[in-house]
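A quick write-up on the structure given underneath.
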Amino acid sequence: MNIIDYPRWPSLARESILNVPMDLRSIKLNINGRIIDYSEEIDSVVITGMGGSGVVGDIVNDLCWFWDCRVPIIVSKNMRLPRRLSKPLVIAISYSGNTAETIMSANEALTKGYPVVGITTGGKLSTLLGNRGVPVILVPKASAPRYGLPALLYPTLVILERFSVASVTSELESGISGIERALGHVDDATELANQLLNSVPVVWVTESRRGVGIRFKNDLNENAKYYSVVSVVPEGAHNDIAAVITKQGGLRHMVIMGPNDYEGLYEEVLIDVISSFRAKPIIIKLEGKTPLEAEMYGITYLGIVTLALAGLLGVEPVSTEPIDRLKSLLSERRIFQV
Ligand code: PA5
């Protein structure tokens, strides 16, 4: 099976962090007469981006449940920033650097005088930010945004460290171990992909592993061109679960479980309930000694499952024509001024 850029993930992670500026906190900008001082205290981190870039926010949000991050992480997948921010750091992530929603959000942040850091391979985002002296972390390229995930995630983690949001340095290598362990499970991944044929996967995940569930759904959509649903518990256990008695055929329930997740006992009850309605779920256990290791293991392993599924379905995994068409129509119709 062709696992595209996955074998490069350890090196993508290691290389990308070398580009995070050492002097990030000493940057001071003057943008239209407004001083943006990167040494000032922040009270939130907004991570803005779409799709394969935006999922970095979900992953960081997961990790902060375990790391007890000093300020809230706000995940923004929109062309506008959330309202009424006080002193945020805005991390704008776009693999291509040409995603209109992300460029608009970064622009808005600068207009409001918020410190911004860009993470991209280049494109308009890099030009827009670079021309104003805003720090841009240029990361190595991959075959498509989602295959470059570690190059977008790892610099984000180092930025969090620099802004004293979380202490991550000692955990970075363990995340790479999680990737490497998953790379050794390609055969299991193919077996799991086989079980998903002719079904709509329903991915059950807890709040603290939401990013793994969302990333899996996105990879099913983009790599295998396959519909799926994510149900985040506890909320999903108060609505989605009512539909396990559905007469619609073809649902395949899967439950993602972390090694020490505090929601584990809740998930055990969930599994018992789903099973009692003759819809026995597939259990996916995230392996790893640290939160980052388990997260990276799950993301890598499940990503490979979706490539295996694409192979079984005879689908070309890299291209995502409808997304490209949407982006070009948005630009043609000048929906956004970027
Ligand atoms: O994985 C993909 O290709 C998409 O989800 C893209 O990440 C998404 O369209 C945003 O593009 P970019 O990551 O270049 O900002």
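The values are calculated or read from the model by the stated rules, or taken from the named source; none is laboratory data. Every value quoted in this text rests on a predicted model; they were computed, and no experiment measured them. Cβ coordinates were reconstructed from backbone atoms using ideal geometry, including for glycine residues, and neighbour counts include every protein chain displayed.
Among the residues of segment 49-68, some residue qualifies, meaning at least one is part of a loop (DSSP other than H, G, I, E, B) and out of contact with any helix residue (DSSP H, G or I) (no Cβ under 7 Å at 6 or more places or on another chain). Return a yes/no flag: does segment 8-29 have any residue that is surrounded by fewer than 17 Cβ atoms within 10 Å (Cβ to Cβ) and in a strand (DSSP E or B). Scanning segment 8-29, I find at least one residue that is surrounded by fewer than 17 Cβ atoms within 10 Å (Cβ to Cβ) and in a strand (DSSP E or B), so the answer is yes.
The helices (runs of 4 or more DSSP H) found wholly in segment 135-249 and carrying at least 2 residues that are within 16 Å of the ligand (Cβ to nearest atom) and assigned by TED's automatic domain parsing to the domain that holds residue 276 occupy 210-223. Any residue at all in segment 66-83 that is within 16 Å of the ligand (Cβ to nearest atom), over 17 Å from residue 112 (Cβ atoms) and not aliphatic (A, V, I, L, M)? Within segment 66-83, one or more residues are within 16 Å of the ligand (Cβ to nearest atom), over 17 Å from residue 112 (Cβ atoms) and not aliphatic (A, V, I, L, M).
Scanning segment 273-331 for residues that are acidic (Asp, Glu) and within 13 Å of the ligand (Cβ to nearest atom) yields 321, 324.
Please find, within segment 84-109, the residue that is surrounded by the fewest Cβ atoms within 10 Å (Cβ to Cβ) out of those that are assigned to a loop (DSSP other than H, G, I, E, B) and away from the ligand (no atom under 16 Å from the Cβ). Give the steps one after another, and end with the answer.
Just the residues of segment 84-109 that are assigned to a loop (DSSP other than H, G, I, E, B), to begin with: 84-87, 95-99.
From what's left, away from the ligand (no atom under 16 Å from the Cβ): 84-87.
On the way: 84: 5, 85: 17, 86: 8, 87: 13.
Once the filter is applied, the top-ranked residue is 84.
Where in segment 255-332 are there helices (runs of 4 or more DSSP H), lying fully within it, with 1 or more residues that are modelled with pLDDT under 95 and out of contact with any helix residue (DSSP H, G or I) (no Cβ under 9 Å at 6 or more places or on another chain)?
Details: elements: 264-276, 291-313, 321-332.
Helices (runs of 4 or more DSSP H) meeting the threshold: 264-276, 321-332.
For every residue, the table says whether it meets (1) crowded, with 16+ Cβ neighbours inside 10 Å; (2) aromatic (Phe, Trp, Tyr); (3) more than 30 Å from residue 22 (Cβ to Cβ); (4) out of contact with any strand residue (DSSP E or B) (no Cβ under 8 Å at 6 or more places or on another chain).
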{"position": "149", "(1), (2), (3), (4)": "yes, no, no, yes"}
{"position": "155", "(1), (2), (3), (4)": "yes, no, no, no"}
{"position": "160", "(1), (2), (3), (4)": "yes, no, no, no"}
{"position": "168", "(1), (2), (3), (4)": "yes, no, no, yes"}
{"position": "171", "(1), (2), (3), (4)": "yes, no, no, yes"}
{"position": "177", "(1), (2), (3), (4)": "yes, no, no, yes"}
{"position": "188", "(1), (2), (3), (4)": "no, no, yes, yes"}
{"position": "197", "(1), (2), (3), (4)": "no, no, yes, yes"}
{"position": "203", "(1), (2), (3), (4)": "yes, no, yes, no"}
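Can residue 35 be described as within 16 Å of the ligand (Cβ to nearest atom) and either surrounded by 19 or more Cβ atoms within 10 Å (Cβ to Cβ) or within 30 Å of residue 337 (Cβ to Cβ) (or both)?
Answer is no for this residue.
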